[in-house]
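Below is one structure, written out as structure tokens; the observations come after it.
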Amino acid sequence: MKKITTKIISWIVGSALLLHVIVLLVFYFFEDNLIFQRKALPQEYSFKFEPDAKQEKYEEYFIKTYDGETLNALLFKTKLRSKGLILYFHGNADNLQRWGKYSVDFTRLGFDILMVDYRGYGKSTGVPIEHDLYKDALTVLRWAQDSVKHIRLIIYGRSLGTAVASNLATAVTPDLLILETPFDELTGAIYKPLKSLLYFLPLHSKFSNKAFLPKVTCRKVIIHGTKDQVVPLASASRLKPLLVEGDDFVIIEGGSHRNLRDFKSFHRALAEALK
């Protein structure tokens with residue numbers, strides 16, 4: 001009986017070690033696929049969004065990068081008197097067909113909003129790499145400064161896009177930086193039991209909000225839900241000590257990673273931040 005028990009324990013330990021190695025190899029070889037869950041679109045694709053009484057039909061643009069790639073961007077203009085321009089950096093999945101529907105949350109408040117697909121997403125060409133996303137964000141901003149008339153500039157990031165947004169805000173000085181469902185750094189969005197594996201094979205990508213926020217001099221607003229299962233509130237909360245007087249950390253009770261806009265408290269927080 002003791003011999004059988006020893007065999008079972010050995011089998012369990014061996015299986016756990018094998019699983020450990022497999023997970024490490026998956027992280028190592030498929031890191032980019034796990035981070036950048038992009039969906040490409042044909043160049044002739046026509047975006048379709050529900051019409052809104054306070055929003056003009058979108059305008060589509062293609063912006064050249066420093067190394068010859070092309071970024072696809074959509075500009076949604078408010079029918080109200082514009083209060084400014086929001087430069088929006090979306091999450092890690094899909095493309096602008098998904099993210100464009102969120103534009104109404106901003107145009108209804110009287111803001112124009114420019115959304116851009118990262119390299120390899122939608123109609124954008126190239127392959128997404130962290131440092132290129134940061135360079136591309138600055139390129140898009142420079143393009144917007146030359147091409148879109150505005151009286152205020154707000155940089156907005158969601159999930160993975162929060163690091164792109166906060167990095168950009170270190171290079172320029174917008175009127176406001178808003179981060180929706182941010183992590184302190186990318187590892188903050190990894191399932192806790194798996195984090196120990198990263199000591200052996202750390203991620204190539206950092207996307208570190210905690211490194212960028214201390215260098216941001218404009219007002220900052222962070223919005224996060226209490227039931228976020230993708231980026232735990234604890235990860236976002238580690239950014240709170242980096243805020244200064246005048247900044248805000250807004251918690252949406254019951255909100256998860258993908259449904260904050262279903263809460264009235266989210267729209268109140270957005271309106272308050274943008275007033």
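Some observations on this one:
- Single residue of the stretch 208-252 satisfying the filter (of a type in the set (S, T, N, Q) and crowded, with 23+ Cβ neighbours inside 10 Å) that is farthest from Gly188 (Cα to Cα): Asn209
- Any hit, the stretch 121-129, residues being within 16 Å of Leu177 (Cβ to Cβ) and of a type in the set (S, T, N, Q): no
- Residue list for the stretch 125-143, filter: touching a residue at least 60 places away in the same chain (Cβ under 8 Å), under 16 Å from Ile154 (Cα atoms) and surrounded by 20 or more Cβ atoms within 10 Å (Cβ to Cβ): Val140
- Selection of the stretch 251-261 for residues being on the phi < 0 side of the Ramachandran plot and over 17 Å from the mean Cα position of the chain (by Cα) yields Ile251, Ile252, Glu253.
- Residues (among the charged types (D, E, K, R) and outside any helix (DSSP H, G or I)) located in the stretch 241-270: Glu245, Asp247, Asp248, Glu253, Arg258
- Residues of the stretch 220-267 that turn out to be of a type in the set (S, T, N, Q) and in contact with a Lys or Arg (Cβ under 8 Å, 6 or more places away or on another chain), as a count: 1
- Each residue in the stretch 201-246 was checked for being of a type in the set (S, T, N, Q) and more than 15 Å from the chain's Cα centre (by Cα), and 4 pass.
- Sole exception among (1) modelled with pLDDT under 95; (2) β-branched (Val, Ile, Thr); (3) in contact with a Gly (Cβ under 7 Å, 6 or more places away or on another chain) for Val230, by number: (3)
- Lone qualifier among Val148, Val164 - being of a type in the set (A, V, I, L, M, F, W, C) and in contact with a Gly (Cβ under 7 Å, 6 or more places away or on another chain): Val164
- Annotation: Leu96 fulfils all but one of (1) out of contact with any Lys or Arg (no Cβ under 6 Å at 6 or more places or on another chain); (2) surrounded by fewer than 24 Cβ atoms within 10 Å (Cβ to Cβ); (3) within 23 Å of Ala189 (Cα to Cα); the unmet one is (2).
- The listed residues are Lys54, Lys79, and the only one of them that is farther than 15 Å from Trp143 by Cα, surrounded by fewer than 18 Cβ atoms within 10 Å (Cβ to Cβ) and touching a residue at least 40 places away in the same chain (Cβ under 8 Å) turns out to be Lys54.
- Out of Leu141, Leu114, sole residue that is assigned to a strand (DSSP E or B) and closer than 26 Å to Ala269 by Cβ: Leu114
- Subset of the stretch 33-48 that is among the charged types (D, E, K, R) and assigned to a loop (DSSP other than H, G, I, E, B) - its residue that is surrounded by the fewest Cβ atoms within 10 Å (Cβ to Cβ): Glu44
- Of all residues in the stretch 253-266 being free of Cβ contacts under 8 Å to residues at least 40 places away in the same chain and in contact with a strand residue (DSSP E or B) (Cβ under 9 Å, 6 or more places away or on another chain), the one that is nearest to Gly188 (Cα to Cα): Ser256
The values are calculated or read from the model by the stated rules, or taken from the named source; none is laboratory data. This structure is a prediction, so every number in the text was calculated from the model and none was measured. Please note: Cβ atoms are built from the backbone with ideal geometry, for glycine as well, and neighbour counts cover all protein chains shown.
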